[in-house]
């Protein structure tokens, strides 16, 4: 990806270009060849943005306090998993037993 035209774009520039590509594709006024080209460019921009976000995450440190000399004490930031895959990460969901569900209220 070092020869990619995305490499010299900032995150904001790449995101802006990606948003414009999405609007152009949603508009439906492009020829098939133009739409395919915009889609491919969009995929490259998306990968570029994700790579920049990963790099930024690696630079983030948690401030855990200060030492005796008043200097900040930090540790590397490790993001928690997010999204729908979190619930699936430790296998199937545990099913409640009948006695754990609580009282049944008739209607």
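FYI, it's all coordinate maths here, none of it is from the lab. What you are looking at is a predicted structure, and each value in this text was computed from that prediction instead of being measured.
Listing for the model above:
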read-out	value
Computed P(r) (all Cα pairs; the range 11-76; 5 Å bins; percent)	3, 16, 17, 13, 10, 8, 8, 7, 6, 5, 4, 2, 1, 0
Length-normalised contact order for the range 11-76 - Cα pairs under 8 Å, 6+ apart - percent	28 percent
